[in-house]
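Novice: Supplied in structure tokens, the structure appears directly below.
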Amino acid sequence: MLNHAQIWQAIDGFAARHGMTASGLARKAGLDATTFNRSKRVSPEGRERWPSTESVAKILAATGASLDSFLDLVSKAGGGSGGRSLPLLGFAQAGQGGFFDDGGFPVGSGWDEIEFPGTIDESAYALEIQGDSMQPAYRDGTIIIVSPSSPTRRGDRVVVRTKAGEVTAKELKRRTAKTIELTSLNPEHPERTFAMEEIDWIGRVLWASQ
């Protein structure tokens, strides 16, 4: 028998499978962006709310997915498999204080969540690209999975946060004990060189939605 948690886990997993947040999936389907928000899943009185069959039909039509693919996620949710929830934050928020510790690990409150359908580094989290400064590699709305604990080497795509609060996604060109050189993903933006003392933390990009 299907239960409330299974259905909503499947919605989250379906969004992640298509490289979107639950809000992004709702928008793509022509629904209100808050349709699948966690706050909408239980009424203020504590009554469980279920997604309508119409909303499920619309997300299937918008993504071109089959009903079977959605039901497969429902089944996995029922078995307790199929991925796990990752903290999710927008790039603008990532530049603010209180969301990361000194090592770039997610802390504090204010994080949303995204269901990632697969195994991933336990310390990983998700960032949603905002704007076009990282095109063509990462477009507005792209979700990237970042690991603060994975080692980085030349050629890796990384997310860097400076002590001044700037957060950007670049390619690691060179790193020494004193400096770090970064190549911009957008050819219209120049390469950047920072003194290591300017860097707050560096995280390796493990995955990006298409």
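Novice: Specify which of the listed residues (166, 181, 188, 113) is under 27 Å from residue 18 (Cα atoms) and not assigned by TED's automatic domain parsing to the domain that holds residue 39. Walk me through it before giving the result.
Specialist: Numbers: 166 fails: under 27 Å from residue 18 (Cα atoms); 181 fails: under 27 Å from residue 18 (Cα atoms); 188 fails: under 27 Å from residue 18 (Cα atoms).
The match here is 113.
Novice: Hey, could you check the stretch 166-198 for residues that are modelled with pLDDT under 90 and in contact with a helix residue (DSSP H, G or I) (Cβ under 9 Å, 6 or more places away or on another chain) and say which is nearest to residue 106 (Cα to Cα)?
Specialist: If we take residues in the stretch 166-198 being modelled with pLDDT under 90 and in contact with a helix residue (DSSP H, G or I) (Cβ under 9 Å, 6 or more places away or on another chain), then 167 is nearest to residue 106 (Cα to Cα).
Novice: Within the stretch 88-95, is there a residue that is at pLDDT below 75, closer than 19 Å to residue 19 by Cα and assigned by TED's automatic domain parsing to the domain that holds residue 160? Before you say what the answer is, go through the steps one by one.
Specialist: In the first step, residues of the stretch 88-95 are kept if they are at pLDDT below 75; the result is none.
Checking the stretch 88-95: not a single residue is at pLDDT below 75, closer than 19 Å to residue 19 by Cα and assigned by TED's automatic domain parsing to the domain that holds residue 160.
Novice: Just wondering, is there one or more residues in the stretch 23-36 that are surrounded by 19 or more Cβ atoms within 10 Å (Cβ to Cβ), within 15 Å of the chain's Cα centre (by Cα), in a helix (DSSP H, G or I) and not hydroxyl-bearing (Ser, Thr, Tyr)?
Specialist: yes
Novice: Oh, and also: Residue check, residue 19 against (1) part of a loop (DSSP other than H, G, I, E, B); (2) under 21 Å from residue 90 (Cβ atoms); (3) touching a helix residue (DSSP H, G or I) at 6+ places or on another chain (Cβ under 7 Å), all met but one. Which one?
Specialist: Going through (1) part of a loop (DSSP other than H, G, I, E, B); (2) under 21 Å from residue 90 (Cβ atoms); (3) touching a helix residue (DSSP H, G or I) at 6+ places or on another chain (Cβ under 7 Å) one by one, residue 19 breaks only (3).
Novice: Inside the stretch 102-210, counting only strands (runs of 3 or more DSSP E) that do not spill past its ends, which hold 3 or more residues that are surrounded by 15 or more Cβ atoms within 10 Å (Cβ to Cβ) and hydrophobic (A, V, I, L, M, F, W, C)? Walk me through how you get there before you give the answer.
Specialist: Working: elements: 112-116, 125-128, 143-147, 157-162, 167-175, 179-184, 192-195, 199-208.
Answer list for the stretch 102-210: 143-147, 157-162, 167-175, 199-208.
The values are calculated or read from the model by the stated rules, or taken from the named source; none is laboratory data. Please read all numbers here as calculations on a predicted model, not as lab measurements. When we count neighbours, we look across all protein chains shown, and the Cβ atoms used for this are built from the backbone with ideal geometry, even at glycine.
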